Amino acid sequence: MATKQIVGRNGAVLQVAEARAKDARTSNVHWLTPRTWRTWIDVGLRGFGPEGVPESGWAGRLEDRNAAMVRLLTSSGLRRSEGGSLLTFEVPVRGVAEGRYCRGRIAAEVTRSKKARTFYVASETVGDIETYVASSRVWVIRKAQRTGRYERLPQMRLVTEVTRGLRPMVHWRTMQGVRGVRALDRLSVWERRLMFTEGPYGPEPLWLWLNEQGLPFAPHSWDGVFRTANERCARVLTPPDRHGWDPHRVFAPYATPHSARNSFALYMLVVLNCLMDQRYGLTPQERRDFRLLYGDPWFMVQNLLGHASRETTVSRYLAPVADLQLRSLLATADDEVERAPMPQLDEVFARVARESEGIQDLEAQLVPGAGGTW
């Protein structure tokens, strides 16, 4: 692996991978365990109170959209700009014989590396997205159609065909009748926001995530959704007598779009180790042969995240658990790995959090609700 020397913040000369992410600083990395994400979604996005049910008077604004997006990020490891710029036909489809994960493809132009890659997302999360598409998304589209909002968009491109094959092409025509075509991989985020299809009641956006006006919800706008959810978690979960008085104890989880990606990496590392070392009952020699054939968990997580360098995955994103003896840690887990998100591994993640810096694991205080996946 090619390396280069850089000067660190304290003046020391460091040897790093040439292809390491430029913004992959340790200070940017923090994690939430699966049960902490479940609490954060229930309280911050779905209006739950300490009793484990939505508070009286709760009127969530597009809460099905917000919860579906967060679960997409936590179960796939997609970046905010990647998950936030999906078109409707890019969402994986659940088949009759579909497993616990569905496979999708991220177009090259919306990735940081400008290289297309495959991503995997929990089938339950795909179900959440399908519910959003069939409910509040339809509602905001109908409102926009009734007011003629889409017809007033001068740059709207009405897609007439998306070809199949190794290099899908998107064909469209403008409101002025001008026709165009471009490879799906080459559509920029800005161009994606202009793509519409002809629905039963008029034009409909192909951009998956919409705001209350029925227009594309910009990827950077998700920061506001996370900020509002963080504020609500702090207000609901922090005891009244502790607000502003106890800087050494945290009662409420704090999350960002990128912490969803980091949490996915931590989750997959633990689960892949568990699958290899526990479920299959591999001997040391069998484990070595298995990893030579399929790659070790670090390599698998690197590919899932789309990192150019394994060093970025090991030394930056997953640094707090890099030195843990996960095999011996997981060997004490009594339950088998059965299904995502595997709540039976909550205690395993709790022990990882206790031995590591920067991992949020708040013991659930709520009555279990219908939170589903992360």
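Could you tell me whether any residue of region 152-162 is at pLDDT below 95, of a type in the set (D, E, K, R), out of contact with any Pro (no Cβ under 9 Å at 6 or more places or on another chain) and more than 24 Å from THR118 (Cβ to Cβ)?
The answer is yes, given that some residue of region 152-162 is at pLDDT below 95, of a type in the set (D, E, K, R), out of contact with any Pro (no Cβ under 9 Å at 6 or more places or on another chain) and more than 24 Å from THR118 (Cβ to Cβ).
Test each condition in (1) assigned to a helix (DSSP H, G or I); (2) open to solvent by 50 Å² or more (accessible area, probe 1.4 Å) for ARG137 and report the one that comes out false.
(2)
Residue check: is GLU198 buried (at least 20 other Cβ atoms within 10 Å of the Cβ) and farther than 22 Å from GLU82 by Cβ? Full working, then the answer.
Numbers: buried (at least 20 other Cβ atoms within 10 Å of the Cβ): no; farther than 22 Å from GLU82 by Cβ: yes.
No.
Does region 43-65 hold any residues that are buried (at least 19 other Cβ atoms within 10 Å of the Cβ) and not in a helix (DSSP H, G or I), and which are they?
Scanning region 43-65 gives ARG46, PHE48, LEU62.
Confirm whether GLY99 is farther than 25 Å from GLY44 by Cβ and surrounded by fewer than 16 Cβ atoms within 10 Å (Cβ to Cβ).
Numbers: farther than 25 Å from GLY44 by Cβ: yes; surrounded by fewer than 16 Cβ atoms within 10 Å (Cβ to Cβ): yes.
For GLY99, the condition - farther than 25 Å from GLY44 by Cβ and surrounded by fewer than 16 Cβ atoms within 10 Å (Cβ to Cβ) - is met.
Going through TYR150, TYR120, TYR101, TYR132 one at a time, which residue ends up being more than 24 Å from the chain's Cα centre (by Cα) and aromatic (Phe, Trp, Tyr)?
On inspection, the qualifying residue turns out to be TYR150.
Considering only residues of region 140-165 that are part of a strand (DSSP E or B) and among the charged types (D, E, K, R), which is most open to solvent (accessible area, probe 1.4 Å)? Lay out the reasoning, then the answer.
So in region 140-165, the residues part of a strand (DSSP E or B) come out as 157-162.
Pick out the ones that are also among the charged types (D, E, K, R) and you get 157, 161.
On the way: ARG157: 39, GLU161: 95 Å².
Looking at residues that are part of a strand (DSSP E or B) and among the charged types (D, E, K, R), I get GLU161.
Does any residue of region 126-149 turn out to be touching a strand residue (DSSP E or B) at 6+ places or on another chain (Cβ under 8 Å) and over 18 Å from TRP209 (Cα atoms)?
Step one: filter region 126-149 for residues touching a strand residue (DSSP E or B) at 6+ places or on another chain (Cβ under 8 Å), giving 126, 137, 140-141, 145.
Those still in the list that are over 18 Å from TRP209 (Cα atoms) too: none.
No.
Of the conditions (1) assigned to a helix (DSSP H, G or I); (2) more than 13 Å from the chain's Cα centre (by Cα); (3) under 18 Å from HIS220 (Cα atoms), GLU82 satisfies every one except a single condition; which number is it?
(2)
So is ALA68 open to solvent by 20 Å² or more (accessible area, probe 1.4 Å), under 27 Å from PHE196 (Cβ atoms) and either touching a residue at least 12 places away in the same chain (Cβ under 8 Å) or not hydrophobic (A, V, I, L, M, F, W, C) (or both) or not? Explain how you work it out, then say what you get.
Working: open to solvent by 20 Å² or more (accessible area, probe 1.4 Å): no; under 27 Å from PHE196 (Cβ atoms): yes; either touching a residue at least 12 places away in the same chain (Cβ under 8 Å) or not hydrophobic (A, V, I, L, M, F, W, C) (or both): yes.
Taking the combined requirement at face value, the residue does not satisfy it.
The values are calculated or read from the model by the stated rules, or taken from the named source; none is laboratory data. Remember, predicted model here, so these are calculated numbers, not experimental data. Quick reminder, even Gly has a Cβ in these numbers, built from the backbone with ideal geometry, and neighbours come from all protein chains shown. Ligands, DNA and RNA are stripped out before the accessible areas are found, and what is left, the full protein with its side chains, is counted by its heavy atoms. Shrake-Rupley method; radii C 1.70, N 1.55, O 1.52, S 1.80 Å.
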